[in-house]
1. Evaluate the following for Ala43: is it surrounded by 14 or more Cβ atoms within 10 Å (Cβ to Cβ) and either in contact with a Phe, Trp or Tyr (Cβ under 6 Å, 6 or more places away or on another chain) or not assigned by TED's automatic domain parsing to the domain that holds Thr169 (or both)?
2. Looking only at the range 77-98, how many residues end up being in a helix (DSSP H, G or I) and not β-branched (Val, Ile, Thr)?
3. Of the conditions (1) within 30 Å of Ser62 (Cα to Cα); (2) at pLDDT below 90; (3) more than 26 Å from the chain's Cα centre (by Cα), Gln132 clears all except one; give me its number.
4. Given Phe64, Phe111, Phe99, Phe52, which one is surrounded by 15 or more Cβ atoms within 10 Å (Cβ to Cβ), more than 18 Å from the chain's Cα centre (by Cα) and aromatic (Phe, Trp, Tyr)?
5. Identify the single condition in (1) surrounded by 14 or more Cβ atoms within 10 Å (Cβ to Cβ); (2) more than 18 Å from the chain's Cα centre (by Cα); (3) under 20 Å from Asp168 (Cα atoms) that Pro81 does not satisfy, given that it satisfies every other one.
6. Taking only pairs six or more apart or across chains, which ones have beta-carbon atoms under 7 Å, a first residue in the range 21-32 that is assigned by TED's automatic domain parsing to the domain that holds Ala105, and a second residue that is of a type in the set (Gly, Ala, Ser) and surrounded by 19 or more Cβ atoms within 10 Å (Cβ to Cβ)?
7. Looking at Leu151, Leu147, Leu166, which is the one that is within 30 Å of Val76 (Cα to Cα) and either assigned by TED's automatic domain parsing to the domain that holds Arg125 or touching a residue at least 40 places away in the same chain (Cβ under 8 Å) (or both)?
8. If we scan the range 59-70, do we find a residue that is in a helix (DSSP H, G or I) and more than 15 Å from Phe111 (Cα to Cα)?
Amino acid sequence: MSREFNIDYVFSFIPKMLSYLHITLFIVASSLVLGLMIGLLVALPRMYNIPFLKRVSQVYVSFFRGTPILIQLFLVYYGLPELLKLVDINSSRWDVLWFAIATYALNSGAFISEIIRSGVEAVDRGQIEAAQSVGMTGYQTFTRIILPQALAVVVPVFSNLVIGNLKDTSLAFTIGAMEMTGKSQTLGSATQHFVETYIALSLIYLVISLILQKLFKVLENVLLRHEHRDTARKEPEQRKGFVVRHLRSPRLSKGGKGI
């Protein structure tokens, strides 16, 4: 049973948990980099409608989006070594951290594949055809036309995925990974001040999430700056057009009654 609440423990626990922050961020960053590669490979068959591979990618996405991350952690941690034994690979000495990264990468890949697909499909097909008509190659069309617009569309969704991954890493301790949540469990068991431990942990996650939200908001504004400029140019023209139409109104023309 927990001891009497003491706010001093909250402040003393925060630095101890922060000493494991680099492990949490390493899991997030590594899984996202691998997830981007996996997501691109999974998205391609669905974008180009490759029959068999399209079905495989659909099953993969459905599984990892439709099952809890905790179950996925256990499946990878206990199931992957059994699969590796079939090809004579001994994973018994592997750091548990790599199993956690593999799980989050596979999970992220499923969501990222949908983000990539929706971002590309959001680009007007007419722009792609126009780029091809002026002689742009497929690579030029992708890098100059599709990619800038797709990025602007997917950044808000991708930011939610990153923050979600950050919070999901709190489950990595269930397979023995010693990150911030694992350290909080150790501190709580040693001091019996569990409430203070989880308050300190929640504050750390909250601050990091707010920082990530701000960073992605800045990135989104940078990617959308051309749209802001277009809007700023159109507004005076729209106002001017409204004034001209208003002045040409029959009620304001010569001989009209006015308003």
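1. Answer is no for this residue.
2. First, pick out the residues of the range 77-98 that are in a helix (DSSP H, G or I): 77-85, 96-98.
If we keep only those that are not β-branched (Val, Ile, Thr) too, we end up with 77-85, 97-98.
Matching residues across the range 77-98 total 11.
3. Checking Gln132 against (1) within 30 Å of Ser62 (Cα to Cα); (2) at pLDDT below 90; (3) more than 26 Å from the chain's Cα centre (by Cα), the one that fails is (1).
4. Values: Phe64 fails: more than 18 Å from the chain's Cα centre (by Cα); Phe111 fails: more than 18 Å from the chain's Cα centre (by Cα); Phe52 fails: surrounded by 15 or more Cβ atoms within 10 Å (Cβ to Cβ).
Result of the check over Phe64, Phe111, Phe99, Phe52: Phe99.
5. With respect to (1) surrounded by 14 or more Cβ atoms within 10 Å (Cβ to Cβ); (2) more than 18 Å from the chain's Cα centre (by Cα); (3) under 20 Å from Asp168 (Cα atoms), Pro81 is out only on (3).
6. Once the first residue is assigned by TED's automatic domain parsing to the domain that holds Ala105 and sits in the range 21-32, its partners that are of a type in the set (Gly, Ala, Ser) and surrounded by 19 or more Cβ atoms within 10 Å (Cβ to Cβ) give Ile27/Ala100; Ile27/Ala172; Ser31/Ala105; Ser31/Ser108; Leu32/Ser108.
7. Numbers: Leu151 fails: within 30 Å of Val76 (Cα to Cα); Leu147 fails: within 30 Å of Val76 (Cα to Cα).
Answer to the check: Leu166.
8. First, pick out the residues of the range 59-70 that are in a helix (DSSP H, G or I): 59-66, 69-70.
Still in the list and also more than 15 Å from Phe111 (Cα to Cα): 70.
Yes, the conditions are met somewhere in the range 59-70.
The values are calculated or read from the model by the stated rules, or taken from the named source; none is laboratory data. Keep in mind that this is a model prediction, so the values were computed, not measured. Glycine also receives a Cβ, built like all others from the backbone with ideal geometry; neighbour counts cover every protein chain displayed.
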